[in-house]
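Heads up, the thing below is written out as structure tokens.
The values are calculated or read from the model by the stated rules, or taken from the named source; none is laboratory data. This structure is a prediction, so every number in the text was calculated from the model and none was measured. Ideal geometry is used to build each Cβ from the backbone, glycine not excepted, and the neighbour counts take in all protein chains shown.
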Amino acid sequence: MAQDSSARERMAGPQAEIPARTGDGQQGGFSAAERAAIYRCITERRDVRRNFLPDPVPDEVLGRVLAAGHAAPSVGFLQPWNFIVIRDPATRTALHDAFTRANGEAARMFEPERAKLYRSLKLEGILEAPLMLCVTCERDRAGPVVLGRTHQSEMDIYSTVCAVQNIWLAARAENLGVGWVSILSLADLRAILGIPEPIVPIALLCVGYVARFETTPDLERAGWRKRLPLEDLVFSERFGVLASGKGVS
């Protein structure tokens with residue numbers, strides 16, 4: 001797809017050269033080196049399912065990661081999240097059993113060739129990671145009417161997902177791998193972790209130090225999906241109008 005040079009520059013992304021002085025000296029601003037570190041953290045974040053080390057995660061490191069989650073933006077400053085820290089081997093075995101059941105069901109949903117590839121993928125590190133986190137959302141924490149949720153009722157769910165992303169990036173900055181396990185039923189997750197019905201489980205995360213961070217996502221290396229070009233995803237003023245001025249069919 002043809003694009004003008006200005007559009008390409010705007011979409012160059014985190015790997016583009018960072019201007020030396022943009023924001024430098026501004027109160028609360030970041031230096032070029034600090035910005036580069038943040039963009040590197042975002043770009044090199046991975047969904048980790050393998051290569052976990054048995055080394056325990058120190059409490060002070062876990063505390064910083066959870067504080068990052070708690071610093072996430074939330075609708076109406078609701079802060080609807082809770083964080084369940086899971087270390088017990090019996091609990092992790094129960095979660096792994098629930099994953100195994102769901103994973104078998106999921107494989108049968110794909111066409112035969114796709115299912116064969118699916119079964120070859122490693123999609124969790126439940127037993128390998130030294131700890132797990134479950135992030136939940138308490139939707140009625142501030143009552144039935146919440147500032148900012150009056151017309152978009154799922155904003156508290158999205159806020160909790162922001163907390164998950166903060167945890168993921170903070171963990172990467174601490175050289176911790178994180179893998180999100182979503183292939184298990186919410187009923188099993190509730191039963192195993194004692195989550196009451198009004199509370200919504202959002203994310204089950206494997207967390208731990210890893211032998212290495214891969215340079216590309218696992219699913220991309222396995223041939224499951226490729227990363228989409230950013231320029232095909234950015235529209236100008238109206239949905240479907242590409243930033244280059246061309247529409248999409």
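Close Cβ contacts (under 8 Å, 6 or more residues apart or on different chains) running from residues in segment 128-140 that are under 13 Å from Asp156 (Cα atoms) to residues that are part of a loop (DSSP other than H, G, I, E, B) comprise Thr136/Ile195; Cys137/Pro80; Glu138/Pro80; Glu138/Pro198; Arg139/Pro80; Arg139/Pro198; Asp140/Pro198. Just one of (1) over 24 Å from Ala191 (Cβ atoms); (2) in contact (Cβ under 8 Å) with a residue 60 or more places away in the chain fails for Ser153. It is (2).
When the test is whether a residue is surrounded by 15 or more Cβ atoms within 10 Å (Cβ to Cβ) and either charged (D, E, K, R) or at pLDDT below 95 (or both), Asp232 does not pass it.
Right, Gly69: modelled with pLDDT of 95 or more and either touching a Leu at 6+ places or on another chain (Cβ under 7 Å) or surrounded by fewer than 14 Cβ atoms within 10 Å (Cβ to Cβ) (or both) or not? Steps first, please.
Working: modelled with pLDDT of 95 or more: yes; either touching a Leu at 6+ places or on another chain (Cβ under 7 Å) or surrounded by fewer than 14 Cβ atoms within 10 Å (Cβ to Cβ) (or both): no.
The answer is no for Gly69.
For segment 143-157, state whether one or more residues are modelled with pLDDT of 95 or more and closer than 16 Å to Ile86 by Cβ. No - not one qualifying residue is present in segment 143-157. Of the residues making up segment 129-176, just one is in contact with a Gly (Cβ under 6 Å, 6 or more places away or on another chain) and under 26 Å from Ala107 (Cβ atoms), namely Ala129.
Every residue, every condition in (1) of a type in the set (D, E, K, R); (2) under 25 Å from Pro217 (Cα atoms), yes or no:
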position	(1), (2)
Ala36	no, yes
Ile42	no, yes
Arg49	yes, yes
Pro54	no, yes
Pro58	no, no
Arg64	yes, no
His70	no, no
Gln79	no, no
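Quickly run through segment 32-75 and pick out the residues that are under 20 Å from Thr160 (Cα atoms), of a type in the set (A, V, I, L, M) and touching a strand residue (DSSP E or B) at 6+ places or on another chain (Cβ under 6 Å). Full working, then the answer.
Step one: list which residues in segment 32-75 are under 20 Å from Thr160 (Cα atoms), which gives 42, 45-47, 62-75.
Adding the requirement that they be of a type in the set (A, V, I, L, M) leaves 42, 62, 65-68, 71-72, 75.
Matches in segment 32-75: Leu66 only.
Checked across segment 47-61, the condition of being in a helix (DSSP H, G or I) and either surrounded by 13 or more Cβ atoms within 10 Å (Cβ to Cβ) or on the phi > 0 side of the Ramachandran plot (or both) holds for at least one residue.
Could you please let me know if Val200 is part of a strand (DSSP E or B) and over 29 Å from Asp55 (Cα atoms)? Criteria met by Val200. Per this entry, Gly179 is not counted among residues that are modelled with pLDDT of 95 or more, part of a loop (DSSP other than H, G, I, E, B), surrounded by 16 or more Cβ atoms within 10 Å (Cβ to Cβ) and within 19 Å of the chain's Cα centre (by Cα).
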